[in-house]
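What follows draws every value from the coordinates through simple rules; no lab data is involved. Values in this document were obtained by computation on a predicted structure and should not be read as measured data. When we count neighbours, we look across all protein chains shown, and the Cβ atoms used for this are built from the backbone with ideal geometry, even at glycine.
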Amino acid sequence: MLLIGSHVGFKKETQLLGSLNEALGYGANTFMFYTGAPQNTMRYKVNDDLTREALEVMRQKNIDYTKVIVHAPYIVNLANSDNEDKYNFAINFIKSEVERCEELGIKNMVLHPGSHVGCGIELGIKNIAYGLNKILKDSSVTILLETMAGKGSEVGSRLEEIFQIINLVEDKEHIGVCLDTCHLSDAGYDIKDFDKFLDEFDALIGIDKIKCVHINDSKNERGSHKDRHENIGFGYIGFDTLINVIYNERLTNVPKILETPYVDREYAPYKYEIEMIKNKKFDDKLLEKIRAQ
Ligand code: FE
Ligand code: FE
Ligand code: ZN
């Protein structure tokens with residue numbers, strides 16, 4: 001069965017139940033959320049009653065909570081340790097996010113590996129792995145390293161870099177990968193022949209490590225290293241290639257998550273994009289339809 005959803009909000013008053021209801025409103029059967037604002041480290045207390053109710057509704061609606069994804073905040077950076085206080089803060093904050101996932105019953109957390117900011121890719125990789133080994137101590141949550149576009153000094157735009165990080169992580173059971181189609185294309189990978197890409201991934205890292213796929217079109221050409229997401233079928237990757245990724249049989253049990261932009265920064269596109277994906281037919285009037293909702 002197709003596992004499709006999108007990034008959704010997580011609000012103080014409604015928490016996991018609110019996120020779930022937003023996802024259900026989009027016709028999704030899975031979802032991803034930040035446990036607070038991605039740009040800051042302020043976090044409020046988890047309300048266990050709301051969590052219990054959300055898990056109960058998921059059970060009734062046949063939504064597998066073990067496939068629901070949390071995205072770690074992107075303001076903290078594990079790749080650079082020049083400032084020891086900042087580096088330790090990043091480790092501790094991500095560790096506390098893992099604990100929040102445990103409170104919420106969430107099993108998988110996506111993490112941007114980080115930017116080396118001048119210390120070099122090799123040291124960057126070591127810093128990330130060192131931090132992950134601290135974070136994953138006694139963790140029941142799996143951290144999914146996201147493949148990056150290669151903007152600035154981002155680590156993880158090459159599969160070899162992801163492979164090297166995983167190699168240095170002691171707890172192999174709790175480390176995985178999240179592919180992002182926009183990032184892969186921006187990084188230079190050709191995903192038109194997605195099976196060929198998966199063969200390459202499988203030979204290097206092992207396909208079983210892929211636990212999430214972010215489905216985004218790209219505003220830029222392959223190899224641009226820009227990381228600007230576009231609505232499904234309206235960018236350089238294109239509808240057919242994305243459909244082939246979404247329906248690839250080797251990734252059937254892996255959740256597919258849309259992180260496409262709001263139309264005019266105002267209208268959530270997900271309900272419409274999910275419908276279009278289910279129909280497997282591109283609608284070139286989709287954006288107009290979304291604006292008129
Ligand atoms: Fe991400
Ligand atoms: Fe992503
Ligand atoms: Zn991105």
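Between Leu204 and Arg291, what FRET efficiency follows from the Cβ-Cβ distance if R0 is 51 Å, with the result rounded to 0.05?
On the way: r = 43 Å, r/R0 = 0.83.
The calculated FRET efficiency here is 0.75.
So who's got an amide H within less than 5 Å of the one on Asp180, skipping anything under 5 residues away but keeping other chains? H placed 1.01 Å off N, in plane.
Residues meeting the amide H criterion: Thr147, His214.
Give me Rg/Rg_expected for the stretch 4-292, where Rg uses Cα atoms only and Rg_expected = 2.2 N^0.38 Å with N residues.
Working: Rg = 18.2 Å, N = 289, 2.2 N^0.38 = 18.9 Å.
So the Cα radius of gyration is 0.96 times the expected 2.2 N^0.38 Å.
Can you give me the long-range amide H partners of Asn108? Hydrogens built in the peptide plane at 1.01 Å from N, cutoff under 5 Å, separation of 5 or more residues or another chain.
For Asn108, whose amide H was placed from the backbone, the distant partners under 5 Å are Val70, Thr142.
Would you calculate, for the chain, the mean residue ellipticity at 222 nm contributed by helices, counting each DSSP H stretch of 4 or more residues as -39,500 (n - 2.57) and dividing by all residues, to the nearest 500?
Estimated from H runs of four or more residues: -11500 deg cm²/dmol.
Can you tell me the FRET efficiency between Lys196 and Lys278 if r is taken as the Cβ-Cβ distance and R0 is 35 Å, rounded to the nearest 0.05? The partial results should precede the final answer.
Working: r = 26 Å, r/R0 = 0.75.
After rounding, the FRET efficiency stands at 0.85.
Given Cα pairs under 8 Å that are at least 6 residues apart, what percent is the relative contact order of the chain?
On the way: 591 pairs, mean separation 48.3, N = 293.
16 percent.
Just report the Cα centroid separation between the stretch 18-56 and the stretch 87-166, whole Å.
Result: 22 Å between the Cα centres.
Counting only C-alpha contacts under 8 Å and six or more residues apart, can you give the relative contact order of the stretch 1-104 as a whole percent?
Numbers: 127 pairs, mean separation 27.6, N = 104.
Reported relative contact order: 27 percent.
Show the residues, 5+ positions off or on another chain, whose built amide H is closer than 5 Å to the amide H of Ile210.
Sorted by chain and number, the residues that satisfy this are Val177.
According to a simple spin-label model (label point 7 Å from Cα along Cα-to-Cβ), what is the distance in nm between Ser153 and Asn248?
Placing both labels 7 Å along Cα→Cβ, they lie 3.1 nm apart.
Could you name the lysines in cross-link range of Lys192, using Cα to Cα under 23 Å and dropping any fewer than eight places away on the same chain?
Within reach: Lys151, Lys209, Lys211, Lys219, Lys226, Lys256, Lys278, Lys280, Lys281.
Cα atoms only: what Rg and Dmax, in Å, come out for the stretch 20-88?
Both quantities, over Cα of the stretch 20-88: 15.8, 49 Å.
If I stretch the segment between Arg222 and Ser140 completely, what's the gain in nm (0.36 nm per residue apart, minus their alpha carbon distance), one decimal?
On the way: separation 82, 0.36 × 82 = 29.52 nm, distance 3.65 nm.
Once the chain is fully extended between Arg222 and Ser140, it gains 25.9 nm.
Could you derive backbone 3J(HN,Hα) for the stretch 18-33 from the dihedral phi with the Karplus parameters 6.51, -1.76 and 1.60 (θ = phi - 60°), listing whole Hz in sequence and x where the residue is Gly or Pro?
Result, ordered by residue: x, 4, 4, 5, 4, 4, 4, x, 8, x, 8, 10, 7, 6, 9, 8 Hz.
Through the Karplus equation 6.51 cos²θ - 1.76 cosθ + 1.60, θ set to phi - 60°, convert the phi angles of the stretch 205-211 into ³J(HN,Hα) values in whole Hz; use x for Gly and Pro.
10, x, 5, 5, 7, 7, 10
Under a plain spin-label model, where a point goes 7 Å from the Cα along Cα-to-Cβ, how far apart in nm are Asn92 and Asn133?
That separation, rounded to one decimal, is 2.1 nm.
From the phi angles alone, apply the Karplus equation (6.51, -1.76, 1.60; θ = phi - 60°) to the stretch 221-230 and give each ³J(HN,Hα) in whole Hz, x where the residue is Gly or Pro.
Each residue's phi maps through the Karplus curve to give 5, 4, x, 7, 6, 9, 6, 10, 6, 10 Hz.
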